[in-house]
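Below: one structure, written as structure tokens.
The values are calculated or read from the model by the stated rules, or taken from the named source; none is laboratory data. In this text, all values refer to a predicted model and were calculated from it rather than measured experimentally. Ideal geometry is used to build each Cβ from the backbone, glycine not excepted, and the neighbour counts take in all protein chains shown. These area figures cover heavy atoms from the full protein model, side chains too; ligands, DNA and RNA do not enter into them. Shrake-Rupley method; radii C 1.70, N 1.55, O 1.52, S 1.80 Å.
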Amino acid sequence: MENSITRTSSITRKRKLKKPVETIMNVIFLICGLAAVVSVILISLYMVFSGAPAIAKIGPLKFLAGQIWNPEVNDFGILPLILSSVTATGLAILIAVPAALCAAIFLTHIAKKRVATVLLFLVELLAGIPSVVYGLLGAILIVPLVFKAQTALGMPMSGSLLSASIVLVIMILPTIISVSVASINTVPKQYNDVSLALGSSKMQSIMRAIIPAAKSGIVSGIVLGVGRAIGETMAVMMVAGNAPIMPELLKPARLLTVGISMEWAYSSGLHRDALYGIGLVLFVFIMIINILLSSILKKGNNTGNK
Amino acid sequence: MKSMKKVLSIALLLAFALTIFAACTKSDTDKDSATLSGTVKTGGSTSVEKVMTALIYQFQGENQKVSVNYEMNGSGDGIKNTISGLYEIGHSSRELKTDGSEDGLTATAYAIDGIAIVVNKENGVTELTTEQVKDIYTGTIKNWSEVGGKDALITVVTREASSGTRSAFAEIVGLEKADKPETSIVANATTCDSTGAIQTTVSQNANAIGYMSFSDVDTAKVKTLGYNGVGCSEATLKDGSYTLKRDFYLITKTGATLSPAAKAFMDFVLGKDGQKIVASNKLLTIE
């Protein structure tokens with residue numbers, strides 16, 4: 001408070017200058033704010049206008065529920081792509097979320113300060129690695145491992161849905177961990193103290209008091225992770241084998257993103273429009289996932305607490 | 001001190017802005033553009049896109065008043081529209097049909113693109129016949145032991161649906177279904193979106209088979225297979241004994257007189273400068 005009083009005098013001295021500066025800054029902030037909103041709207045409109053005609057022309061049911069993708073004869077069914085994307089992302093989240101949560105708890109409440117700082121730095125480093133590097137690692141380390149499983153089961157060696165999921169797990173782990181750590185750290189220390197004072201063990205107070213309080217932050221981490229997993233293209237393309245068939249764990253699979261990028265270069269006419277259609281589906285997908293996850297999980301949290 | 005910093009930062013910003021604009025200055029290539037002028041209408045094959053775009057770019061640079069159109073709509077349309085007179089020159093990456101439907105046309109080859117069948121270096125198989133390749137790609141042959149290799153399941157590697165190499169390969173091997181552009185390549189084949197990706201995939205998978213442009217083959221990574229008893233090499237491609245290849249053609253009406261601009265373009269493509277561009281696009285030149 002005292003500080004602000006001393007500052008007021010300097011402000012009154014420069015009031016004449018401050019006023020226009022303030023308005024200008026206001027306008028600049030307004031423009032920046034609008035830029036984000038406008039680009040979201042423009043992207044939405046663009047996706048709908050370029051994707052919808054193709055879907056209408058092919059027929060929404062034939063497009064979304066068709067099981068054969070063969071542009072050579074105008075078969076544009078993307079059900080295998082949708083299911084592959086869902087399976088790969090779902091599998092990745094199923095493995096990554098518990099692992100990331102445990103890691104976050106370890107980093108915030110169990111590990112010693114110095115260890116935690118180093119580990120957190122490494123995790124954040126991991127989050128910044130370009131996806132193509134993950135793809136390379138996947139192709140060199142994970143795919144050959146899956147080859148062995150395929151050979152053992154009498155299947156041809158190839159890139160597979162499983163390899164793609166494993167790569168995705170590694171890719172989204174750091175995102176979920178660092179967001180979760182940040183949100184756990186914002187939980188007031190009193191929660192822990194009160195819980196301990198009431199006689200709960202350390203683990204009980206982490207699980208029952210701190211994690212629920214940090215839930216909304218953790219959920220945003222999961223949403224970010226899902227977004228990254230479902231939108232990932234390069235790394236997945238390098239390990240998934242990319243055949244447009246129904247998803248099976250040890251067989252090649254083509255995800256929605258790969259479906260677009262793979263055929264973009266040489267496509268034309270209805271084929272290219274259909275790729276826009278896939279883009280629209282992917283876009284709607286991510287919207288739905290974001291809205292569902294954040295609303296359901298956050299709401300559940302609130303009612304549970306009250 | 002503070003104002004100095006401000007002035008400095010503004011000056012830097014200005015300098016940066018100027019460098020951006022500097023890149024936009026006109027390049028003056030007011031060379032003597034001779035007497036040639038007009039528009040040459042061409043169109044057809046998409047497989048020749050890379051080399052043809054480079055050829056047209058160079059030709060238009062040398063003849064500023066000539067513009068060469070190039071509609072990319074496939075070899076079939078290129079030939080059809082040359083018959084109808086819409087194009088003066090059609091582009092084709094396949095030979096003319098001999099069933100009478102494409103009579104009265106002349107196909108002039110200007111480049112050879114070989115398609116190599118590649119396998120992992122550990123693979124013991126050294127050659128395949130057309131029938132065997134066809135059976136592997138349609139899924140009839142599933143194990144390398146059926147074609148003289150070790151007992152291991154074959155991983156079929158192919159290109160994505162709209163690839164020119166894929167359609168040429170399918171056409172030559174006979175994988176196309178009757179009267180349809182559809183290929184009967186097995187649906188669960190591992191799909192790669194570039195020649196490089198094919199090579200990498202095959203080099204990392206001991207049981208894989210793929211096909212790719214011969215000019216891009218790196219023998220340190222993959223092994224090329226003989227096709228119908230003929231090894232895949234520059235020599236066998238040039239003498240014509242290796243048949244898994246395609247020529248790139250310029251299609252014109254037999255006996256018709258071309259416009260001076262069109263004639264100049266053909267001469268350019270077949271001449272020394274054009275062939276240099278063909279070679280730089282990793283294709284074999286016509287000699």
Kindly state, to the nearest 0.05, the FRET efficiency for A:Val37 paired with B:Leu8, given R0 = 51 Å and r defined as their beta-carbon distance.
0.90
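Let me have the 222 nm mean residue ellipticity of chain A computed from DSSP H runs of 4+ only, each contributing -39500 (n - 2.57), with the sum over all residues rounded to the nearest 500.
After summing the helix terms and dividing by the residues of chain A, the value is -24500 deg cm²/dmol.
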Within 10 Å, count the other beta carbons around each residue, average over each peptide in A:167-175, A:233-241, B:94-102, and list them highest first.
A:233-241, A:167-175, B:94-102
How shielded is A:156-163 by partner chains, expressed as the average number of their Cβ atoms within 10 Å of its Cβ atoms?
5
Gain on full stretching of the segment that runs from B:Ser145 to B:Leu258 - 0.36 nm per residue minus C-alpha separation:
35.1 nm
Using the heavy atoms of the protein chains alone and a 1.4 angstrom probe, what is the accessible area of chain A per residue in square angstrom?
55 Å²
Can you give the FRET efficiency for A:Ala99 and B:Asp99, using 1/(1 + (r/R0)^6), R0 = 41 Å, r = Cβ-Cβ distance, to the nearest 0.05?
0.05
Relative contact order of chain A: what whole-number percent is it, with Cα pairs under 8 angstrom and at least 6 residues apart?
25 percent
How large a share of the accessible area of the protein assembly as shown, in percent, is made up of carbon and sulfur atoms when the probe is 1.4 Å and the other protein chains stay in place?
64 percent
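Across peptide B:146-156, how many C-beta atoms of other chains are within 10 Å of each residue C-beta, on average? Before the final figure, lay out each step's value.
On the way: counts 0, 0, 0, 0, 0, 0, 3, 7, 2, 9, 3.
Counting other chains' Cβ atoms within 10 Å and averaging over B:146-156 gives 2.
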So, taking all protein chains as they sit and a 1.4 Å probe, how much accessible area belongs to B:Tyr70, in Å² rounded to tens?
40 Å²
Counting protein heavy atoms only and a 1.4 angstrom probe, how many square angstrom of accessible surface do chains B and A bury in total, to the nearest 100?
1900 Å²
What is the magnitude of the charge dipole of chain A about its Cα centre, with +1 placed on the Cβ of each Lys and Arg, -1 on the Cβ of each Asp and Glu, and no other charges, expressed in debye to the nearest 20?
1560 debye
7 Å from Cα along Cα→Cβ at both A:Leu119 and B:Ser241: what's the point-to-point distance in nm?
6.7 nm
Taking r as the C-beta separation of A:Ala52 and A:Glu248 and R0 as 30 Å, the FRET efficiency to the nearest 0.05 is 0.45
Neighbouring partner chain Cβ atoms per residue of B:183-192, average, 10 Å criterion
6
Quick check: the distance between the Cα centres of the stretch A:249-285 and the stretch A:105-170, to the nearest angstrom?
25 Å
What value, in deg cm²/dmol to 500, does the helix sum -39500 (n - 2.57) over DSSP H runs of n ≥ 4 give at 222 nm once divided by the residues of chain B?
-10500 deg cm²/dmol
Antiparallel DSSP bridges in chain B: what percent, to the nearest 5?
60 percent
Roughly what % of DSSP beta bridges within the protein assembly as shown run antiparallel, to the nearest 5?
60 percent
Treating the beta-carbon of each Lys and Arg as +1 and of each Asp and Glu as -1, no other charges, what is the dipole magnitude of the stretch B:112-253 about its Cα centre, to the nearest 20 debye?
60 debye
